[in-house]
Amino acid sequence: MLKAIKSSARKSKATIVCYKIFDNWRLRRKFKTGRIETGHGASHRGKSTAESIAYIDLQFVDYLRYSGLTEEHLRGKRILELGSGDNVGLALRLLAAGASRVVCVDKFYSQRNADQQLAIYKSLRESLSQSQRERFDEAINLDSGINLDDDKLRTVHGLELESAADQLLVDEGKFDLIISRAVIEEIYAPDAIFEATDKLLAPGGLILHKIDLSDYGIFSGTYILNNFRISLSVNG
């Protein structure tokens with residue numbers, strides 16, 4: 001019976017809309033109380049190592065394709081990634097291509113499995129050329145866990161960029177490339193994000209956002225609410 005109720009709920013437009021409104025409200029409330037750990041953004045959860053590497057490569061190729069840039073254009077560049085989620089594989093891929101520094105900023109801290117992450121990074125390293133591995137090793141040490149070199153790769157969690165751009169500008173300066181993937185559609189005030197990123201962009205720099213315009217299954221009927229749960233209590 002419970003399975004049938006869940007299946008029906010996933011097909012209901014009203015239920016999906018109500019769930020998304022509630023979920024957004026819940027996340028916003030958590031952030032305001034300082035609780036930044038969440039299951040959202042855990043893109044690699046449930047993926048095999050091979051699937052994770054394929055996903056990282058897909059992101060990397062996507063950014064190059066949509067921007068018209070080549071790997072040569074990345075050399076020496078300072079890059080800001082918004083919403084890095086549970087993995088810095090893309091940042092490492094950018095550094096391996098020659099970027100001088102990557103800063104990953106996320107409003108939340110996505111839950112992750114340390115052993116899975118270590119396996120992903122080791123496999124990612126093995127997929128690179130010798131010169132790329134050398135640059136990869138400058139950013140991360142995997143000999144005893146996951147140790148990032150803060151001079152090359154910095155992660156910042158719990159930061160709302162809309163209100164913290166000035167401080168980030170003081171700490172980091174400006175960036176040559178600012179990127180995000182499936183982030184902007186989750187922002188309550190996109191204009192504020194655009195103003196913040198414009199402030200952080202170096203002259204001649206590029207901002208590239210890949211926006212998820214899926215309808216959460218409201219019209220297509222294909223979206224699955226993986227985090228949707230129904231609890232039933234039956235008395236007597």
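Could you list all residues from the range 164-188 that are outside any loop (DSSP other than H, G, I, E, B), over 26 Å from Gln117 (Cβ atoms) and in contact with a helix residue (DSSP H, G or I) (Cβ under 8 Å, 6 or more places away or on another chain)?
If the condition is that a residue be outside any loop (DSSP other than H, G, I, E, B), over 26 Å from Gln117 (Cβ atoms) and in contact with a helix residue (DSSP H, G or I) (Cβ under 8 Å, 6 or more places away or on another chain), then Ala165, Asp166, Leu169 are the ones that fit.
Evaluate the following for Ala119: is it closer than 22 Å to His44 by Cβ, part of a loop (DSSP other than H, G, I, E, B), of a type outside the set (S, T, N, Q) and in contact with a helix residue (DSSP H, G or I) (Cβ under 7 Å, 6 or more places away or on another chain)?
Considered against the rule, which asks whether it is closer than 22 Å to His44 by Cβ, part of a loop (DSSP other than H, G, I, E, B), of a type outside the set (S, T, N, Q) and in contact with a helix residue (DSSP H, G or I) (Cβ under 7 Å, 6 or more places away or on another chain), Ala119 comes out as no.
Restricted to the range 122-136, and to residues that are hydroxyl-bearing (Ser, Thr, Tyr) and assigned to a helix (DSSP H, G or I), which residue is surrounded by the fewest Cβ atoms within 10 Å (Cβ to Cβ)?
For the range 122-136, the residue satisfying everything is Ser131.
Name the single residue that is nearest to His44 (Cα to Cα) among those in the range 69-94 being in contact with a Leu (Cβ under 9 Å, 6 or more places away or on another chain) and without any contact (Cβ under 8 Å) to a residue 60 or more places away in the chain.
Gly89
Please verify whether the range 119-136 includes one or more residues that are under 23 Å from Ala196 (Cβ atoms) and assigned by TED's automatic domain parsing to the domain that holds Phe194.
Within the range 119-136 (the criterion being under 23 Å from Ala196 (Cβ atoms) and assigned by TED's automatic domain parsing to the domain that holds Phe194), the answer is no, since none of the residues qualifies.
Can you name the condition, by its number, that Ala97 falls short on among (1) under 18 Å from Arg75 (Cα atoms); (2) among the hydrophobic types (A, V, I, L, M, F, W, C); (3) touching a residue at least 60 places away in the same chain (Cβ under 8 Å)?
That leaves (3) as the condition not met.
I'm trying to understand the selection: among the residues of the range 137-168, which are surrounded by fewer than 15 Cβ atoms within 10 Å (Cβ to Cβ), closer than 12 Å to Val103 by Cα and out of contact with any strand residue (DSSP E or B) (no Cβ under 6 Å at 6 or more places or on another chain)?
Correct list: Asp149, Asp150, Asp151.
In the range 189-212, what residues are assigned to a helix (DSSP H, G or I) and either under 12 Å from Ile178 (Cβ atoms) or at pLDDT 90 or above (or both)?
If the condition is that a residue be assigned to a helix (DSSP H, G or I) and either under 12 Å from Ile178 (Cβ atoms) or at pLDDT 90 or above (or both), then Ile193, Phe194, Glu195, Ala196, Thr197, Asp198, Lys199, Leu200 are the ones that fit.
The values are calculated or read from the model by the stated rules, or taken from the named source; none is laboratory data. Please read all numbers here as calculations on a predicted model, not as lab measurements. Virtual Cβ from ideal backbone geometry, glycine too; neighbours counted across all protein chains shown.
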